[in-house]
Amino acid sequence: MIFNYNFKINTKKVLELTGLKSANILDFGCGTGIWSDEDINNNEKIHEITLYDKNEKLRNYLIEKYKKNSKIKLDFEYNSVVKNKKYNLVIFSSVIQYLPFEEIKSQINKLKHEKKELVIIIIDVPYLPRFIELIFTPFLSLKRFIFICKLIFSKNYKKINYFIHKKQSFLFFEKDFEINFIPNLHDLKILRYSVILKLK
């Protein structure tokens with residue numbers, strides 16, 4: 001995440017949806033980290049989680065947060081992340097709204113490899129204009145609405161581009177991936193959705 005909105009994702013459910021028996025995970029655009037020690041230690045499917053975010057200001061925070069967990073690795077080098085083909089699960093959580101679709105295609109193509117098992121889960125995909133979403137948000141998630149209102153007056157937020165993504169756009173990947181649209185794994189389940197891409 002570019003901005004820290006602390007919503008607890010059900011990581012156990014995320015892993016169940018993949019169908020993977022063992023997961024080497026890349027959390028791409030990890031922000032402040034959705035993983036708790038309880039999530040990691042109580043799930044035998046998790047082999048290793050690599051956290052990547054282009055915001056290096058998060059480095060010290062993440063080092064401190066996960067210093068006691070041997071399954072968590074940090075990697076702030078983009079080239080290292082895309083060249084490492086050990087991942088069989090890649091998660092984009094609440095970052096997709098800051099990327100134009102051309103960049104999404106580019107990132108997925110770079111992360112794609114020839115392994116038999118590769119699952120990409122894209123969580124928290126907006127499909128409505130930001131203004132319309134804002135109108136409905138207080139009725140669905142007051143916590144997120146308050147968070148957004150604080151951001152509106154932030155100089156950094158005004159500089160950030162925001163993109164909506166229709167489901168039809170993801171059909172671009174159907175040559176290489178099985179595509180499954182599911183209710184959002186974040187909050188705002190009516191206003192946003194999630195996508196599961198499984199390598200064919």
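Scan the range 6-43 residue by residue and report those that are closer than 26 Å to Asn55 by Cβ, in contact (Cβ under 8 Å) with a residue 24 or more places away in the chain, part of a helix (DSSP H, G or I) and not hydroxyl-bearing (Ser, Thr, Tyr).
Val14, Leu15, Asp37, Asp39, Ile40
Among the listed residues Asn60, Asn43, which satisfies the condition of being open to solvent by 60 Å² or more (accessible area, probe 1.4 Å) and among the polar types (S, T, N, Q)?
Testing whether each residue is open to solvent by 60 Å² or more (accessible area, probe 1.4 Å) and among the polar types (S, T, N, Q) leaves just Asn60.
Given the structure, is Ile121 open to solvent by less than 40 Å² (accessible area, probe 1.4 Å) and touching a strand residue (DSSP E or B) at 6+ places or on another chain (Cβ under 6 Å)?
yes
For residues that are among the hydroxyl-bearing types (Ser, Thr, Tyr) and either in a loop (DSSP other than H, G, I, E, B) or touching a residue at least 12 places away in the same chain (Cβ under 8 Å) (or both), scanning just the range 92-107, find the one that is farthest from Ile49 (Cα to Cα).
Step by step, filter the range 92-107, then rank; the result is Tyr98.
Output yes when any residue across the range 72-91 is modelled with pLDDT of 90 or more, outside any strand (DSSP E or B), more than 18 Å from the chain's Cα centre (by Cα) and not hydrophobic (A, V, I, L, M, F, W, C), and no when none is.
yes
Scan the range 58-70 and report the pairs whose first residue is without any contact (Cβ under 8 Å) to a residue 12 or more places away in the chain and under 16 Å from Asp27 (Cβ atoms) and whose second residue is not hydroxyl-bearing (Ser, Thr, Tyr) and not in a loop (DSSP other than H, G, I, E, B), with Cβ atoms within less than 8 Å and a gap of 6+ or a chain change.
Here the result reads Ile63/Leu74, each pair linking the range 58-70 to a residue that is not hydroxyl-bearing (Ser, Thr, Tyr) and not in a loop (DSSP other than H, G, I, E, B).
The values are calculated or read from the model by the stated rules, or taken from the named source; none is laboratory data. Remember, predicted model here, so these are calculated numbers, not experimental data. Note that each Cβ is placed from the backbone with ideal geometry, even for glycine, and that neighbours are counted across all protein chains shown. These area figures cover heavy atoms from the full protein model, side chains too; ligands, DNA and RNA do not enter into them. Shrake-Rupley method; radii C 1.70, N 1.55, O 1.52, S 1.80 Å.
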